[in-house]
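The values are calculated or read from the model by the stated rules, or taken from the named source; none is laboratory data. In this text the structure is predicted, and so the values were computed from the model without any measurement. Using ideal geometry, Cβ is built from the backbone for each residue, glycine included, and neighbour counts are taken over all protein chains shown.
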Amino acid sequence: MRTSSGLARRRLWELLAVALVAAAVFVRSSVELDLARERGVVPSFYQGYYEPAMRVACGQSFGVDRAKELPREMDAFLKLERDSLSCDLVPPAGDLDVNPPTRVWYHLMITTGALWKVTGISWQAVDGLAAGLLSLAAIFVYGLFRLWMPIPIALAFSLLSIGPGLRFLPFLRDLNKAPFILASFFVAALLLSRNLTRRGFFAAMTGIGLWLGIGYGFRPDVLIGFPLLVVTAIFFRPAPLSRIWQDGVIGTVMLLAAFLVAASPAFPASSTTKGGCHWHFALLGLSDVHNQPLGLQPSSVSWYSHYDDLLVWRSVESYAERVLALPEVGYCTPMYDQVSRSIYLEIIHTFPGDFLSRGLSAARQIIGYGLWGLPDPNSRVGGFMISRRSWIGWAVAWMAAILVLLAHDVRRGLFACFALAYLCAYPLVQFQERHYFHLAFLAWVPLGLALALLVRQRVALQAAVRARSLGLWRASLNLPPPAAWGRAMAIAVGLAATAAAVSFGARRYQEVAAAVLLGQYLHAPGEAASEAAVSETDGKRRITYGGFALAGERNVAGRALRLEFGGAACAMGSHTLTVGVSGPDPNYEFKKDYAVPLAPGKPRAVLFLPLYYQRSRITEAWVELPRADGTCLVRAEWVDPKALPSLWVSATLYPGA
């Protein structure tokens, strides 16, 4: 009876803790959203696409009006010109398209529609959905900590971990992935920490598959959780590998099957015309705008100069024409996915060392993000309380935690190495805070484990203090024998050496592959680019180049401009020139400043610049430089595309240096 009563009390305390986490985060989120609105922040989550949610709220079928002829009141609501709407003002569509592109957000739209059925159609009600999703995310973080820590510690660190997410409450499309991704992390930790029965394991894999399938209809980013779940299920559950791997494979199949069932409403019905566009977003992550957040120094090679969908699309169309001899592939079609994947993999194949460096830089920023991601209450511009340069302390804390885990249980220690490397490095795909704010919990794991150990040993510690004998406390810690510590150190050193060897090999390979690529840029034949116009204003000289025309019916094509800069008449030192493309519409102008340092050992530089044209949008290329540097631009050439390799990246080269 006493045991049953104690179990009931423990369950009650667990439920109260979960309720406290959920309530605290929900209230804090609601207050934060109200404050954001008072500061003039306008929530932004592509509200113009929420026509399907409006129709679901009013008892209609999911879809949009194919003719896009909405009543004035509906249009005003979608344009945020009014905050609420009555179903009387939402007439059925004359020609309903049940499979619009926004069907990829099917579960988000259905959930919003269900909420509006209860609250009425209003943007203010969506604040409650955002607060609820963040509360759900906090519950999964609490569950993850609770697997290893007492209730008070798990509760405190779950609330701290959710702090960075408060900034994304007005941006539902960035926030809504958090409860789904964090649930996958929780289940992976559960599989690692608990020896589930066979039935329990299959139930967990099926359940998380269904949950991630629903999450896919909120945001496809939830796919991030799959590698961690699969590897944990097959290799890291607490039983001999020979006994778990077969069930791990079966569990993985169940995970995928459940995911496909739950996610199927979000899959486009006409898959022959619509693609997932995942590789497009990966290419966007290679743009220069991510270098500064990653802490990377400017490089002489640039994969994409701008974080812009149109620029990536034009590069994909150019690659399709030049390399694959394909007709226009369209935007985010299945063929577009294949071509963009080819570009991405070719970049990795040529620059593997840079990718590893980006992964390491991402890990350096993520490792303690939970602390420096907390907003500074004294800052009105999103400043942080703690400098990111303090990452070393968190890296040391994690290394200590991993060493202890390796000494106690090699498999759990190896899991910690894999999980930490994966979770810290994958944000390099697009390194923006909105893509990794849910990883804030990682910063608190080592500290939480240390505090949990102290709490568990508090009685022994008090006895040791009274007895003035630290040996008494040390004995109660059940420390591994010296041989286990030696084994742990050997494994850690081996892993570090392997990582260093892989990095060294990737760098050496990249040096050769990049040298071949850049050499082709340098030596490919070209023809002089004619100067269509020259103008001077404000001490700047702009040269517009002609000699380019779109052939046939293609709307997009790429050309490569090669500039030779320097020479005897050009002063040594740092120079700057701007290269751009433009056309009739100034909104389609793309330009970038290039720093060109010249020195006695490097008196001449060659810039290789891929440029992408679009009919009636981008029709000319130009170079702008200070009037005093006019003599430094020695030559401008259009390079023969047939003589160039398939991969085009911007590069600054120093021949003979």
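Scan region 6-34 residue by residue and report those that are modelled with pLDDT under 90 and hydrophobic (A, V, I, L, M, F, W, C). The answer is Leu7, Ala8, Leu12, Trp13.
Quick check: anything in region 567-576 surrounded by 19 or more Cβ atoms within 10 Å (Cβ to Cβ), in the same structural domain as Glu637 (by TED's automatic domain parsing) and farther than 30 Å from Tyr336 by Cβ? Yes, region 567-576 has at least one match. In region 98-113, of all residues being touching a Gly at 6+ places or on another chain (Cβ under 7 Å) and crowded, with 17+ Cβ neighbours inside 10 Å, the one that is farthest from Ile214 (Cα to Cα) corresponds to Pro100. Residues in region 306-330 that are closer than 17 Å to Tyr588 by Cα and surrounded by fewer than 21 Cβ atoms within 10 Å (Cβ to Cβ): His306, Tyr307, Asp308, Asp309, Leu310, Leu311. Look at (1) at positive phi; (2) in contact with a Phe, Trp or Tyr (Cβ under 6 Å, 6 or more places away or on another chain) and you find that Ile348 fails only one, number (1).
When region 438-495 is filtered for residues that are assigned to a helix (DSSP H, G or I), of a type outside the set (A, V, I, L, M, F, W, C) and at pLDDT 70 or above, the ones remaining, listed by number, are His438, Pro446, Gly448, Arg456, Arg458, Pro482, Gly486, Arg487, Gly494. Scanning region 602-657 for residues that are charged (D, E, K, R) and outside any strand (DSSP E or B) yields a total of 6. The number of residues in region 15-56 that are in a helix (DSSP H, G or I) and under 30 Å from Arg72 (Cα atoms) comes to 14. Taking residues in region 15-44 that are closer than 17 Å to Pro179 by Cα, and partners anywhere that are part of a helix (DSSP H, G or I) and of a type in the set (Val, Ile, Thr), the pairs with Cβ atoms closer than 8 Å and at least 6 places apart or on different chains are Val18/Ile139; Val21/Ile139; Ala22/Ile139. The condition of being under 26 Å from Ala188 (Cα atoms) and in contact with a Leu (Cβ under 9 Å, 6 or more places away or on another chain) holds for Ala263. Consider Ala178 carefully, then state whether it is small (Gly, Ala, Ser), under 25 Å from Leu442 (Cβ atoms) and at pLDDT 95 or above. So Ala178 passes the test.
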